[in-house]
1. Can you tell me which of 193, 159, 179 is in contact with an Asp or Glu (Cβ under 7 Å, 6 or more places away or on another chain) and either β-branched (Val, Ile, Thr) or farther than 30 Å from residue 8 by Cβ (or both)?
2. For segment 35-57, which residues satisfy the criterion of being part of a helix (DSSP H, G or I) and farther than 20 Å from residue 108 by Cβ?
3. Could you list all residues from segment 75-94 that are closer than 16 Å to residue 116 by Cα and either in a loop (DSSP other than H, G, I, E, B) or among the aliphatic types (A, V, I, L, M) (or both)?
4. Any chance segment 151-163 includes a residue that's surrounded by fewer than 17 Cβ atoms within 10 Å (Cβ to Cβ), at pLDDT 90 or above and of a type outside the set (S, T, N, Q)?
5. Taking residue 197, is it in contact (Cβ under 8 Å) with a residue 12 or more places away in the chain, surrounded by fewer than 13 Cβ atoms within 10 Å (Cβ to Cβ) and touching a Leu at 6+ places or on another chain (Cβ under 9 Å)?
6. Just for segment 164-175: of the residues that are aliphatic (A, V, I, L, M) and at pLDDT below 90, which one is surrounded by the fewest Cβ atoms within 10 Å (Cβ to Cβ)?
7. Filter segment 95-107 for residues that are part of a loop (DSSP other than H, G, I, E, B) and surrounded by 10 or more Cβ atoms within 10 Å (Cβ to Cβ); which is modelled with the highest pLDDT?
8. Considering every residue within segment 204-216, establish whether at least one is among the small types (Gly, Ala, Ser) and not in a strand (DSSP E or B).
Amino acid sequence: SINLAGKQRRDRVLVYAALVRAAELGVVLPASEERLLGWLTVDRDARGGYGSPRATRAVVRALLGSRLGVAQASRAKVTIGDRTIDVAVPSQGRVVVPLDAGTTRVVVTTLGAPFLARFERPLARSFSHPPDASASPLHLDVAWPTSIVANQVSTLHVTARSADPVSAILRIPLPAGATLAAGASGVRQIQGTLIISTDLGTSDSAWDIPLRFMLRGHMTAAESRATTDNDEPTVAPSAQLLVR
């Protein structure tokens with residue numbers, strides 16, 4: 001038996017989605033496929049998600065692979081601000097609904113067979129302004145050295161933590177001419193990027209990483225990222241460096 005009592009939404013739906021896929025493969029389960037799909041519906045949040053990108057992807061794949069995923073024509077109402085658009089969705093192909101640049105909220109209501117809705121928005125932003133990380137349980141801070149002398153060792157200080165215990169991968173791109181100056185526990189350099197695979201908790205995990213900068217001049221250290229299987233990446237801003 002599987003005990004899901006006290007589990008978070010994202011953990012429950014991963015189990016339900018796996019059971020739906022198993023039912024489609026002919027595995028006999030105590031609960032019917034219809035009941036499993038009903039439990040998935042109950043666990044959907046007010047915005048249509050399931051607690052994490054990974055869990056939402058698993059549910060979508062399970063739904064598309066189920067008998068509900070058989071291609072059928074459908075209809076939808078798309079509400080953009082005060083405006084509502086009726087959309088005919090074909091059984092094959094896609095429909096594009098353009099959004100104004102200032103759109104901040106869209107509601108899609110299904111009037112027929114289920115379908116997959118995808119929202120896309122091109123975004124150009126400066127490296128110095130990372131995306132808002134307030135919704136992510138991850139925190140990443142990358143402190144580049146301030147007094148850098150070419151061909152001498154400088155120390156990069158990295159700290160990371162998470163609101164929930166998770167396994168994470170930190171990726172820190174190095175500027176041109178920079179390289180690891182010595183071995184650092186848990187740190188690898190792969191094609192100009194420092195990679196740290198680690199388990200994070202609520203307390204800070206910290207790394208002091210020795211670097212050697214081979215080139216002089218002004219340069220930009222690109223954004224660093226912390227990623228997990230369950231959550232959107234957290235981004236540490238870029239930095240302007242001067243190597244003397």
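1. Details: 193 fails: in contact with an Asp or Glu (Cβ under 7 Å, 6 or more places away or on another chain); 179 fails: in contact with an Asp or Glu (Cβ under 7 Å, 6 or more places away or on another chain).
Going through 193, 159, 179 in turn, the sole match is 159.
2. 35, 36, 38, 39, 54
3. 76, 78, 87, 88, 89, 90, 91, 92, 93, 94
4. Yes: segment 151-163 contains one or more residues that are surrounded by fewer than 17 Cβ atoms within 10 Å (Cβ to Cβ), at pLDDT 90 or above and of a type outside the set (S, T, N, Q).
5. Details: in contact (Cβ under 8 Å) with a residue 12 or more places away in the chain: yes; surrounded by fewer than 13 Cβ atoms within 10 Å (Cβ to Cβ): yes; touching a Leu at 6+ places or on another chain (Cβ under 9 Å): yes.
Yes; evaluated as a whole, the condition is true for this residue.
6. If we take residues in segment 164-175 being aliphatic (A, V, I, L, M) and at pLDDT below 90, then 166 is surrounded by the fewest Cβ atoms within 10 Å (Cβ to Cβ).
7. This residue is 97.
8. Looking for residues that are among the small types (Gly, Ala, Ser) and not in a strand (DSSP E or B), one finds none in segment 204-216, hence no.
The values are calculated or read from the model by the stated rules, or taken from the named source; none is laboratory data. These numbers were taken from a predicted model, which means no experiment stands behind them. Note: ideal-geometry Cβ built from the backbone for every residue, glycine included; neighbour counts use all protein chains shown.
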